[in-house]
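Novice: Pasting in a structure now, in structure tokens, and then I'll have a few things to ask.
Every number here is computed from the coordinates shown, using simple stated rules; none is lab data. If you're wondering where the values come from, they're calculated on a predicted model, not measured in any experiment. Note that we place each Cβ from the backbone using ideal geometry, even for glycine, and neighbour counts take in every protein chain shown.
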Amino acid sequence: MNRKPGLVALATATLIAVTGASRAQDSPPAALNSVPVASITTAQATGYDGMVEAVRQTVLSAQVPGAVVALQVKAGDRVKAGQVLLRLDARAAEHQAGAAAAQVQSARATQDAATKEFERQKQLFQKNYISQAALDRAEAQYKSAQAQATAQLATAGAARTESDFYVVKAPYDGIISDVVVVLGDMAMPGKPLLTVYDPAALRVTAAVPQTAAPKPDSALQAELPGAAQARVTPLRWQMLPAVDPATHTVQLRLDLPPTPAAAPGMFARVWLPGGAGDTPRLSVPARAVVRRAELTSVYLIGNDGRPLLRQVRLGPTSGDQVEVLSGLKSGERVALDPQAAARVR
């Protein structure tokens with residue numbers, strides 16, 4: 001039996017199949033719908049921890065020693081300028097003031113007598129009834145009495161002023177934030193008694209790295225957790241012209257608008273706008289992402305138009321875009337339909 005025609009036919013069929021496969025591999029794949037990796041540079045604000053403090057805050061202390069005999073306010077009370085806050089035992093000072101007033105009256109009486117005597121002596125001298133020496137003695141006594149009256153008047157004024165030190169008054173309209181004494185405590189000069197601050201003048205203070213110091217025209221914001229409005233625009237802000245040599249930070253002060261919820265000592269945050277040197281963010285459409293078990297990837301379109309599966313690390317999603325943290329470069333193209341790309345060989 002002759003088998004040569006069958007072998008020839010089989011060889012011919014095999015050659016045709018191999019040639020067709022080779023042509024199929026060399027032919028370009030069908031065009032896939034793709035988009036470039038988007039590169040967006042966004043100026044993200046950076047937050048730094050700070051604290052609310054009062055622009056005007058006063059620690060009231062005693063100027064004279066004395067026991068606390070009247071305490072008319074407590075922490076949290078609103079006070080008016082000149083309002084009496086605390087009284088010290090001033091009985092000794094009042095007695096001294098009374099004694100000084102009596103001495104003033106005595107000195108004035110002596111001065112009146114010396115004045116009248118000097119006037120009489122001048123009239124007698126004009127009539128040549130007394131000598132020049134007698135007139136000089138009368139004039140000296142008159143001037144001495146006048147000086148003593150002036151000195152007693154000054155002493156009485158000092159005694160009255162000192163008696164006012166036993167009454168502590170509010171220096172301005174404000175809120176009592178702390179009371180460190182109780183009735184019967186002994187107040188000494190320089191010892192703190194109360195703390196008052198002005199709620200209409202508050203600011204946020206924060207330490208910012210020297211490398212992140214804002215420009216003079218930067219738009220800063222302050223955040224007060226728990227306030228009705230999370231972020232507020234300050235009335236003005238100031239950067240102190242000194243750098244901490246230990247931490248290499250500068251201090252920012254942001255004057256707050258009237259904020260009822262703010263109080264000294266509260267935690268706050270200062271937000272600085274991002275600069276031009278921010279790292280660009282890459283993003284791709286969320287439907288281009290392929291998730292298989294723990295593998296997250298996209299189909300990257302190569303130079304020959306063929307898709308290549310590449311693993312990526314993703315960030316947060318915003319709308320229909322998802323941020324790519326690593327695995328892609330700006331300008332590369334990814335397939336929008338992963339299933340269609342998977343069928344391309």
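Novice: For an R0 of 30 angstrom, estimate the FRET efficiency from the Cβ-Cβ distance between A246 and V180 and round to the nearest 0.05.
Specialist: Values: r = 31 Å, r/R0 = 1.04.
Result of the calculation: an efficiency of 0.45.
Novice: A further question follows. Between A286 and A101, what is the spin-label point distance in nm, taking each point 7 Å from the Cα along the Cα→C-beta axis?
Specialist: Distance between label points: 8.5 nm.
Novice: Still on this structure, please answer the following. Nearest 0.05, what FRET efficiency do V344 and A45 give at R0 = 45 Å with Cβ-Cβ as r? Could the numbers behind the result be given before it?
Specialist: Details: r = 44 Å, r/R0 = 0.97.
After rounding, the FRET efficiency stands at 0.55.
Novice: Going by how many other Cβ atoms sit within 10 Å of their own, how do F125, F118, F267 line up, fewest first?
Specialist: Details: F125 16, F118 19, F267 13.
Going from sparsest to densest Cβ surroundings: F267, F125, F118.
Novice: Still on this model: Per residue of segment 254-265, in order, report the coupling 6.51 cos²θ - 1.76 cosθ + 1.60 (Karplus, θ = phi - 60°) as ³J(HN,Hα) in whole Hz, putting x for Gly and Pro.
Specialist: 10, 6, 8, x, x, 10, x, 7, 8, 8, x, x
Novice: Subtracting the Cα-Cα distance from 0.36 nm times the residue separation, let me have the gained length for Q83 to T115 in nm, one decimal. Walk me through the intermediate numbers first.
Specialist: Values: separation 32, 0.36 × 32 = 11.52 nm, distance 4.49 nm.
My answer for the length gained is 7.0 nm.
Novice: Also, quick follow-up: So how much slack lies between D198 and E323, counting 0.36 nm per residue of separation and subtracting their Cα-Cα distance, in nm? Write out the running numbers ahead of the final one.
Specialist: Numbers: separation 125, 0.36 × 125 = 45.00 nm, distance 4.72 nm.
Taking 0.36 nm per residue and subtracting the Cα distance, the gain is 40.3 nm.
Novice: Right, here's the next one. I'd like to compare 55-64, 69-78, 249-258: which one has the highest average count of other Cβ atoms within 10 Å, and what's the full order after that?
Specialist: Details: 55-64: 15.3, 69-78: 13.6, 249-258: 17.7.
Put in order of decreasing packing, that is 249-258, 55-64, 69-78.
Novice: Using the 10 angstrom Cβ neighbour count as an exposure proxy, how do T110, T247 rank, fewest first?
Specialist: On the way: T110 17, T247 10.
With the sparsest Cβ surroundings first, the list reads T247, T110.
Novice: Here's something else I'd like to know. Name the residue farthest towards the positive end of the dipole of segment 283-345 from the options V298, L314, A342, assuming +1 on Cβ of Lys and Arg, -1 on Cβ of Asp and Glu, about the Cα centre.
Specialist: Positive-end residue among those listed: A342.
Novice: ³J(HN,Hα) across segment 104-120 via Karplus (A = 6.51, B = -1.76, C = 1.60, θ = phi - 60°), whole Hz, x for Gly/Pro?
Specialist: 5, 4, 5, 5, 5, 5, 4, 5, 4, 4, 5, 5, 5, 4, 5, 5, 5
Novice: Still on this structure, please answer the following. Scan around V312 for amide H atoms under 5 Å from its own, H built in the peptide plane at 1.01 Å from N, and keep only partners 5 or more places away or cross-chain.
Specialist: T296, S297, V298
Novice: With a sphere of radius 14 Å drawn around the Cβ of L325, what net charge do the other residues whose Cβ falls strictly inside it have (Lys, Arg +1; Asp, Glu -1)? Mind showing how you got there, number by number?
Specialist: Values: positive: R281, R310, R313, K329; negative: E323.
Here the count lands on +3.
Novice: For every other residue with a beta carbon closer than 10 angstrom to the beta carbon of E53, add +1 if it is Lys or Arg and -1 if Asp or Glu, then tell me the sum. Walk me through the numbers on the way to the answer.
Specialist: Numbers: positive: R203, R253; negative: none.
Spelling it out: positives minus negatives among the neighbours equals +2.
Novice: Among 211-219, 141-149, 195-203, how do they line up by average Cβ neighbours within 10 Å per residue, starting with the highest?
Specialist: Numbers: 211-219: 10.4, 141-149: 16.8, 195-203: 19.9.
Top of the packing list down: 195-203, 141-149, 211-219.
Novice: Through the Karplus equation 6.51 cos²θ - 1.76 cosθ + 1.60, θ set to phi - 60°, convert the phi angles of segment 171-185 into ³J(HN,Hα) values in whole Hz; use x for Gly and Pro.
Specialist: x, 6, 5, x, 10, 6, 9, 7, 10, 9, 10, 10, 4, x, 5
Novice: Once you place label points 7 Å from the Cα toward the Cβ at F165 and T296, how far apart are they in nm?
Specialist: With each label placed 7 Å out from Cα toward Cβ, I get 7.2 nm.
Novice: Now for a different question. For V35, V52, which order do you get if you count the other beta carbons within 10 Å of each Cβ and list the fewest first?
Specialist: The fewest-first ordering by Cβ neighbours comes to V35, V52.
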